[in-house]
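Undergrad: Quick one: the structure is below, and I'll ask about it shortly.
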Amino acid sequence: MKNLIFRNVDIYDGLGSDPYVSDIAIDDGYICSVDTSIPGKSLKEIDATGLAICPGFIDIHGHSDYYLLINPSAEAKVKQGITTEVGGNCGYSAAPIGGIEFQFRQSLYKEQFDLELSFKTLEDYLKRIEKQGIALNYVPLIGHNTIRASVMGGSASPCNQKQLLEMEKLVDEGMRQGAFGLSTGLVYAPANFAESSELVSLCKIAANRGGFFATHMRSEGDLLIESIEEVLNISKQANIPIQISHLKTAGEKNWNKLDAAFEIIEEYRNDGHDVTCDRYPYIASNTHLSALLSEWAQEGLLDEKIKRLSKKETRKRLISELSKKRKTDKDWNNILISRVLTKKNKDAEGKTLFQLAKEKSKKPAEVTLDLLIEEKLNVEIIIFMMNEANMRRILKKDYTMVGSDAGALTHNPPLGVGKPHPRNFGTFPQVLGSLVVKEKLMTMSEAIRKMTSLPCSRLGIKDRGKIAPRMRADLVLFDPKKIQDKSTYENPMVYPEGIKMVLVNGVVVVEDGVHTGATPGIPLKKFLV
């Protein structure tokens, strides 16, 4: 007897094929049959007439590494149909980690979430999440920012040979323990101080073990073209596949650069280089308030940075620099305060820097520095800086996948606080409901391909991402007429509609929009045989 049979369901196979009506039988965590009128009985049968089923969504760009330790149920992920997340993106991973960076993270998460960090190696991190249970599968990347901070702290200096060897050792260790590749966030300290040659060396280590390179580039605005050229050149020198994270044209004066960006990417692809991208379906980004600061101000450890912001001379310089970069009220009104750490500044959440400055009768640049000091740099912001048409053009490219750039939140504290970006709760339904069903930007089959088989191909995962016998039963049952993102910037912690059921490894995790409490997810490991 089989565990579950879906009858008369519209099947989207994940490969971009046209949908067809059939039955699907699930047994022991796998799809065991796909056929019309599957004979026999099962423990549970579902008449899915009028509903659609597809492989579980692969979030190619996630940030749930620590969140899974705090919230293994991962409601905001699985309730939108995500069954596998790629973590460790933008250069930040839970492991491998060591040195002053481990001490900093241990102190931060103990204070903020009462979370004890009992691991330094990737192997120990994966064992921990596997032992506690998680609701979705987890794919690890090695974070360049994390390993650089582990070896060099907040130093702005180029790495010396000894430091490079230490970082190479950490990358090799992480790859041998199951990582799928290396990620970096070149806009964030301390990675922003790294030279290209450092990245080439580390990427070569990852490439030797079959990994890929996921990169948040140095610039996604003023130096967009130069940044694309840099990371593609790194990829070429290291002979490693590259994933350009959340491709965008940031800032109105840079919106016209998209054609040039496409031209460079596609020239590399036509020359045989393995280049792909990901993107979320929103025009606002989400980052740390400290990212607004000039590079020189980001050097050093936390206490050094705060001291620098408080010092009269450097404060005056920073206010001048911030004011020159954002000259108009509109520039500051496009920056929304998403989350703060202390109760003192809770009323700032949901307000723009312009609004907060007006309330305090100060310049927005002054308010920015005050907030960073009072919150010990722990402030998240949402920046409205992208173009709707460009976002759609990027998502439509056949080499672009869907990635949330978000963590596994929930609507309850301690993670369900502030005004998080809607992408945390609605990325995949936003694509399917708004861009596919309402706008007809692409077909449902093509959108699902971008969420399933395409990211599996990038990752080298062969037993997920499509509907066929002997594939893992990671599945999403949804109503194509009702699926939609319900979260907004004003009210972001709202789960989507239209997701009827989500299975992870054959176990029902979401049923009729309700989390079952099941945690059947597993850490996935990549080893080069």
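Taken together, the values in this text are just the output of simple stated rules run on the coordinates, not laboratory data. Everything numeric in this text was worked out from a predicted model, so none of it was measured. Cβ placement follows ideal geometry from the backbone for every residue including glycine, while neighbour counts extend to all protein chains displayed.
Undergrad: Sum up the charges of everything whose Cβ sits under 10 Å from the Cβ of L202, counting Lys and Arg as +1 and Asp and Glu as -1, but leave L202 out. Could the numbers behind the result be given before it?
TA: Details: positive: R148, K204; negative: E168, D172, E198.
That works out to -1.
Undergrad: Based on the alpha-carbon gyration tensor of region 90-146 and its eigenvalue square roots a ≥ b ≥ c, which shape applies: rounded if a/c is under 1.5, prolate if not and a/b is larger than b/c, or oblate?
TA: In terms of gyration-tensor shape, oblate.
Undergrad: With Rg and Dmax of the Cα atoms in Å in mind, check [x] 25.4, 89; [y] 22.5, 72; [z] 22.6, 79 and report the label derived from this structure.
TA: It is the value labelled [z].
Undergrad: Which listed residue (M175, I242, C203) has the Cα farthest towards the positive end of the charge dipole for region 170-263, taking +1 on Lys and Arg C-beta and -1 on Asp and Glu C-beta about the Cα centre?
TA: The one lying farthest along the dipole's positive direction is M175.
Undergrad: Net charge around I11, counting only other residues with Cβ within less than 14 Å of its Cβ (Lys, Arg = +1; Asp, Glu = -1)? Could you put the intermediate results ahead of the total?
TA: Numbers: positive: R7, R449, K466; negative: D10, D13, D18, D23, D35.
Result for the neighbourhood of I11: -2.
Undergrad: Which whole-angstrom value gives the distance between the alpha carbon centres of region 289-351 and region 465-492?
TA: When both Cα centres are located, 38 Å separates them.
Undergrad: Which order do peptides 436-446, 19-29 fall in by mean Cβ count within 10 Å, highest first? List each step's numbers first, then the result.
TA: Working: 436-446: 15.4, 19-29: 17.5.
Order by mean packing, descending: 19-29, 436-446.
Undergrad: Hey, another quick one. So how far apart, in nm, are the two label points at S310 and T49 if each is 7 Å from Cα heading toward Cβ?
TA: So the two model labels end up 7.0 nm from each other.
Undergrad: Report the local net charge at N378: Lys and Arg +1, Asp and Glu -1, summed over other residues whose C-beta lies under 12 Å from its C-beta.
TA: Details: positive: K305, R339, K376; negative: E111, E374, E375, E380.
Around N378, the surrounding residues sum to -1.
Undergrad: Any idea what the relative contact order of region 287-440 is, in percent, if you count C-alpha pairs under 8 Å spaced at least 6 apart?
TA: On the way: 161 pairs, mean separation 38.0, N = 154.
In percent, rounded to a whole number, it is 25.
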